[in-house]
Each structure stands twice: as structure tokens, then as C-alpha cells.
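Novice: Would you mind keeping the following structure in view while I ask a few things?
Just so it is clear, none of the values below were taken in a lab; they were calculated from the coordinates. If you're wondering where the values come from, they're calculated on a predicted model, not measured in any experiment. Glycine gets a Cβ as well: all are built from the backbone with ideal geometry, and neighbour counts include every protein chain shown.
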Amino acid sequence: MNALLTDLYQLTMAAGYFAAGKTGETATFELFVRRLPHNRNFLIAAGLQQAVDYLLDFRFTREEIDYLRSLPQFAKAESDFFDYLAGLRFTGDVFAMPEGTPVFAGEPILTVRAPIVAAQIVETYLTATIAFQTLIATKAARIVEIAGGRGVVEFGTRRAHTPEAGVLAGRAAYIGGCIGSSNALAGLKFGIPVFGTAAHSWVQAFPTEREAYLRLQELLGEHTVYLIDTYDTLEGARIAASLGRPMWGVRIDSGNLVEVSRAVRRILDAHGFQDARIMGTSDLNEYKISELMAAKAPIDAFGVGTDLATSRDVPNLGAIYKLVELSSSSQRRYTAKYSEGKHTLPGAKQVFRYADHDVVGCSWECPACTPGTPAVEALLRPVLLGGHLVAPLPDAHAARSRALESVSKLPGALRSLFDAKQPWSVQYSEELVSLSERVRKGQTGVSS
């Protein structure tokens, strides 16, 4: 994996740590979100598999090291620093929430504990891959929730910010609850279902619409989905019905989907195709699907592209990666920020989930050990120890199942499309609050 896929300042800090003799120190960083985005009452953790793959294969190539040597920022760097980079591997620990877990503001999604140089350099990649996939999985969960059990397919690769982003968007959308993706590579790499038949160009490529449909049916059989709105949607439905079985159904990609889907449903039913399904596409998102559901449009599945693969209404997630502990052979020091609006809490943490609230506590706490404590789940689990994978990670199917089950247990207000009046309660343990006060006083001389 390309270790150079990071920000330059991570590498200049690495050179500075090396020069200061800090390579033997162990740093603990936490990746989290300070505030939930607008109209998001929860997030769905995703991207851990790619984060782990990156860490397991983390290394600098000779070409990358030669490039760094050539940069003016490293003109004063010690020659031994570049030799150090050549042998650098990730030998630390990672604790993380399983993919598919609902997460809230202020809760660590992932914790890294490693020698400070490696722990610093990996910030950029980890933040990018966790934030992007979490963003898309969350968008998918919203759409799936409002679709009320009707299938949602991710269709957005052509509109994604890069083709590579489209592959990960397909994966994340599946984790968020979509039934599959149109992205073939996502299907191959992650074993997720893929969907798609033909575009308008297929219909246009034949002399008649009927011939185009017939050729498609001959090719796909029971998987045939006719795109019926190239010319006249209702006539397209009649032609599709006249060809008889087999077919899965039809897709409508334009017009007033409520009115058109009702008319198409009548045509299919009149020809004995009560079991044929209608898929609606056409720049859909959760708000448009909500309107279609409210109007009782007879649409059985939705294809969502641009809005899903880019999370267009919330196109970025303000994930951050902050130092919370620093230790050496002789001491441990807790660290925190106190700048206005950007403060952090010191020390490695654990997130304890109860039936109706979460508690963020110190990593060494164990509320489940206290007799009479309600059922509680510790969400941050060991993933890598000493640079080695503890156990195979759950695949995308397991992550999707976890997401669907977990979201279904959240209060209905949190599953709405808008900001909940009563957000999920995230509390801080007394021990964490006490630690924070001690650290603040020690660093600034002022109590909180």
C-alpha cells in the first residue's frame, strides 16, 4: 500500500519526531466526529476493512523515499530518517467499532495506538476512508429507511467523484442497507449483489423498440428489466407486456413517477403481469422517495445514483483524528485541546451502549462488571494488536446485517429525515470527566 498517500505535514512531523528522538514513544489517536451533519441523527460506521488493509500493507517504496529526499522541506532532515522510513511498518494496535454500528458525535469510531511516527503518518488515509464510507453508508441508511422495505440499488458510479470512489460507494451503500450496486467491480471485490440491464442507448441502437426489448429478453431471461421511457413510456410498457414472460419488470427514468407508475401498473396488470415489478430512477433521493411513498406510487424498487454516491446534501463528514495519550518507557501523559469550539477529551476511551443512551468512558472502565448494571455493549473492539489482525473482519454482508438490525432499534425520531428534537443521549463517565479536569489543570493551571 502506498504510504506516501498522506499529507506532507504528516511527513515533516515524522522527520521532526525522528530528530527529537521520539521514535520510541507510543501515541494514541482517536478518530471521531465532533458534530453530526445537518439532518443526520446518527452515522453508520464503515470503511474499517480498507483502513485495516492499508495498515497491514503500510510501507514506503524506494521511489517514494527518493522523492521525499528531493523536496526542499527535507533538506535538513537527517539521512538516517530516510533509512528509518524504508523499514517502517505499522506495528501498533487498532480498536474500532464494527462496520454497520450506529455512531454519534464525540464517540471514537477508531483508536490507533502505535509508535508516534507511524501513528501520525496514517492519519490522512484513515480519516479519508472512514469518513467517506461512513458518510455514504449513512446516506444509504436514510434512503433505505424511508423506502419502507422496498429495495434500493446504488447506481452512482458515473457521478461519483472518481471511479475508485464509486467502488467504495457501492460497498458503503450496501452496508447502509441497499440491496446491491450497479458497480461490477464492487460486486467482484466485496461479494455484494449487482444490478443492471440496459440503457437508453440499447433501445436506440435497434430499428424498433420491440426488437430492442426482444433481444434483451433473449439475453437476460428472467432478469430482464425493460427501460421503457426512451420514447413513450406507456407504449414501452405495452410492448414489454406483449412479449410475454420471462421478465423481472420495467424501469421508469423520467416524468411524473407517481402518475406514470400508476399507468404502467395498470398496463402490466391488464396483461397478466401482476408479479412484474416497477423500478423508479430519475435523480432520486430520500426526500423524493418520501413523496413517492406518501403518494402510494406502485414502485417496487428504487435506483439512486448521484445523491447516494456523493451524499449530495451533506457531501463531507468532518471527521478528525486527535492525539489523546503519549507514553514512553518511563511515563504516560494524557493530552487534550482546549481551543474554543475544538476542545477534545484526554485519554483512550471506550463507548458503552445501553438500550437508550451511550456513555463515553475511559478505556479501562468496565461498567458491565458492576452488579445490577443494565445490559451494556462495549463498542470499540480490538482489530489489530502488534500490527497483526486479531481475527478476520466481518464481511460487507455481516456489516449490512448489523446496520439494519441496529438502526431498526433506534427510536423512530432518530430515523426521520430531519434533525430530531431529542437526539440520542451521549454521556461522559465520571472518571473521564475527572481525568479531563486533572489534565486541563495540569496543562493550563485552570480547572474547567
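Novice: So for the pair Arg158, Val426, with labels modelled 7 Å out along Cα→Cβ, what separation do we get in nm?
Specialist: 3.8 nm
Novice: Placing unit charges on C-beta atoms (Lys and Arg positive, Asp and Glu negative, everything else neutral), compute the dipole magnitude of the chain about its Cα centre in debye, rounded to 20. Don't skip to the end; give the middle numbers.
Specialist: Values: 45 positive and 47 negative charges, 121 e Å.
Using only the charged Cβ atoms, the result is roughly 580 debye.
Novice: If you plug each phi of region 197-209 into the Karplus form 6.51 cos²θ - 1.76 cosθ + 1.60 with θ = phi - 60°, what whole-Hz ³J(HN,Hα) values come out, in order, with x for Gly and Pro?
Specialist: For region 197-209, the Karplus-derived couplings read 10, 8, 9, 4, 4, 4, 4, 5, 6, 10, x, 9, 5 Hz, x marking Gly and Pro.
Novice: Could you give the longest part of the chain that holds none of the GluC sites (Glu not before Pro) found in DSSP loops with at most 15 neighbouring Cβ atoms within 10 Å? Write out the running numbers ahead of the final one.
Specialist: Values: sites that count: Glu78, Glu340.
The reported range is 79-339.
Novice: Stretched out fully, how many nm does the piece from Ala355 to His200 gain, at 0.36 nm a residue minus the Cα gap?
Specialist: Numbers: separation 155, 0.36 × 155 = 55.80 nm, distance 4.90 nm.
Length difference between fully extended and current span is 50.9 nm.
Novice: Would you check the chain for Lys pairs whose C-alpha atoms are within less than 21 Å, ignoring same-chain pairs closer than 8 in sequence, and give me the count?
Specialist: The result is 16.
Novice: Moving on to the next point. With P(r) over Cα pairs in 20 Å bins from 0, in percent defined as stated, name the option among (i) 23, 47, 24, 7, 0; (ii) 26, 59, 15, 0; (iii) 24, 51, 23, 2 computed from the structure displayed.
Specialist: Read-out taken from this structure: (i).
Novice: Moving on. Any cysteines in the chain with zero other Cys Cβ atoms under 4.7 Å from their Cβ? List them, or say none.
Specialist: Within the chain, the cysteines lacking a partner Cβ under 4.7 Å are Cys178, Cys362.
Novice: Select from region 301-339 those trypsin sites (Lys or Arg not before Pro) which occupy a DSSP coil region and have at most 15 other Cβ atoms within 10 Å, ordered by residue number. Present the calculation step by step, with values, prior to reporting the outcome.
Specialist: On the way: sites: Arg312, Lys322, Arg332, Arg333, Lys337; in loops: Arg312, Lys337.
Passing both the DSSP loop test and the Cβ count: Arg312, Lys337.
Novice: Please compute the net charge surrounding Gly176, taking Lys and Arg as +1 and Asp and Glu as -1 over other residues with Cβ under 12 Å from its Cβ.
Specialist: On the way: positive: Lys139, Arg142, Arg171, Arg400, Arg402; negative: Glu99, Glu145, Glu154, Glu286.
Surrounding charge for Gly176 is +1.
Novice: Picking from Phe60, Gln133, Thr335, whose Cα lies most toward the positive end of the charge dipole for the chain (charges on Cβ: Lys, Arg +1; Asp, Glu -1)?
Specialist: Thr335
Novice: Considering only C-alpha atoms, what is the centroid distance from region 407-448 to region 18-94, in Å?
Specialist: 28 Å
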